[in-house]
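Engineer: Input: one structure, supplied below.
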Amino acid sequence: MRIELTVNGEKHLIEAEPEETLLKILRDKLGLTGAKKGCDTGTCGLCMVILDGKTVKSCQIKAKKLKMNKVVTVEGLGKPGALHPLQKAFIEHDAVQCGFCTPAMLIVALDLLSRNPVPSREEITKTVSKVLCRCTGYIPIIRAIESLAEENKRKLTSKNKPQT
Ligand code: FES
Ligand code: FES
């Protein structure tokens with residue numbers, strides 16, 4: 001079957017088997033290896049991408065369910081020399097821990113901040129727990145996301161301040 005996907009703003013016409021997963025398509029057909037294959041059973045969250053505005057585990061999405069969808073992967077965030085603020089915050093807070101969980105952590109954080117620019121620590125913790133870190137832990141990642149939430153709060157407060 002042929003599917004049309006817009007990935008990180010770029011349109012692709014892709015030949016895929018109906019049972020092939022979005023994760024496999026991204027990695028093997030489009031060369032976007034940021035999303036990782038951890039469990040392949042919908043448990044670990046390492047394959048997280050944004051599909052039509054919602055985070056999904058791409059290992060659980062079959063090609064037969066796809067039709068002209070918009071996908072954002074970690075590769076769509078920023079580039080060397082022009083990093084996304086989230087990527088910068090992860091670097092500044094030592095939250096870039098390993099190549100397995102970091103791409104998915106960035107994706108869930110991006111989704112959270114786009115829906116709620118000033119999330120609480122509880123909301124941030126709940127969000128990052130969608131992605132399983134098997135080794136280092138979540139604290140630096142939470143701090144990185146929290147730093148952006150604080151920055152957003154400052155911006156919103158100064159915008160709403162009455163001009164004198
Ligand atoms: S690889 Fe998709 S949830 Fe683990
Ligand atoms: S799995 Fe990446 S740091 Fe734990």
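Engineer: Condition first: of a type in the set (D, E) and part of a helix (DSSP H, G or I). Now tell me which residues in region 21-40 satisfy that.
Structural biologist: D28
Engineer: Between V96, V131, which is within 23 Å of C47 (Cα to Cα), modelled with pLDDT of 95 or more and not aromatic (F, W, Y)?
Structural biologist: Details: V96 fails: modelled with pLDDT of 95 or more.
Residue meeting the stated conditions: V131.
Engineer: Residues T43, T21, T102, T33: which one is closer than 22 Å to V128 by Cα, outside the structural domain of C133 (by TED's automatic domain parsing) and free of Cβ contacts under 8 Å to residues at least 60 places away in the same chain?
Structural biologist: On inspection, the qualifying residue turns out to be T33.
Engineer: Another question, if that's okay. Could you check region 54-73 and list, in sequence order, the residues that are aliphatic (A, V, I, L, M), modelled with pLDDT of 95 or more and either closer than 14 Å to L30 by Cβ or part of a loop (DSSP other than H, G, I, E, B) (or both)?
Structural biologist: Of everything in region 54-73, those that are aliphatic (A, V, I, L, M), modelled with pLDDT of 95 or more and either closer than 14 Å to L30 by Cβ or part of a loop (DSSP other than H, G, I, E, B) (or both) turn out to be I61, A63, L66, V71, V72.
Engineer: On to the next question. Got at least one residue in region 9-20 being part of a helix (DSSP H, G or I) and buried (at least 16 other Cβ atoms within 10 Å of the Cβ)?
Structural biologist: no
Engineer: May I ask you to say which residue of T43, T73 is more than 16 Å from ligand 2 (Cβ to nearest atom) and among the polar types (S, T, N, Q)?
Structural biologist: Details: T43 fails: more than 16 Å from ligand 2 (Cβ to nearest atom).
Step by step, each of T43, T73 is checked, and only T73 is more than 16 Å from ligand 2 (Cβ to nearest atom) and among the polar types (S, T, N, Q).
Engineer: Residue under question is L132, and the condition is that it be under 20 Å from G34 (Cβ atoms), outside the structural domain of C44 (by TED's automatic domain parsing) and open to solvent by 50 Å² or more (accessible area, probe 1.4 Å); does it hold?
Structural biologist: yes
Engineer: OK, next. Which condition does C135 not pass, out of (1) farther than 17 Å from E75 by Cβ; (2) in a helix (DSSP H, G or I), if it passes all the others?
Structural biologist: With respect to (1) farther than 17 Å from E75 by Cβ; (2) in a helix (DSSP H, G or I), C135 is out only on (2).
Engineer: Okay, moving on. Restricting attention to region 112-129, does a residue exist that is more than 24 Å from K155 (Cβ to Cβ), away from ligand 1 (no atom under 15 Å from the Cβ) and open to solvent by 40 Å² or more (accessible area, probe 1.4 Å)?
Structural biologist: Keep residues of region 112-129 that are more than 24 Å from K155 (Cβ to Cβ), which gives 129.
Pick out the ones that are also away from ligand 1 (no atom under 15 Å from the Cβ) and you get none.
No: zero hits.
Engineer: Here's a follow-up. Scan region 74-109 for residues that are in a helix (DSSP H, G or I) and of a type in the set (K, R) and jot them down.
Structural biologist: Of everything in region 74-109, just one residue is in a helix (DSSP H, G or I) and of a type in the set (K, R), namely K88.
Engineer: Looking at region 84-111, which of the residues that are under 11 Å from the mean Cα position of the chain (by Cα) and of a type in the set (G, A, S) is surrounded by the fewest Cβ atoms within 10 Å (Cβ to Cβ)?
Structural biologist: A109
The values are calculated or read from the model by the stated rules, or taken from the named source; none is laboratory data. All of these numbers come straight from a predicted model, not from anything done at the bench. FYI the Cβ positions are ideal-geometry reconstructions off the backbone, even for glycines, and counts take in every protein chain you see. Protein only, heavy atoms only, side chains kept; ligands, DNA and RNA dropped before computing areas. Shrake-Rupley method; radii C 1.70, N 1.55, O 1.52, S 1.80 Å.
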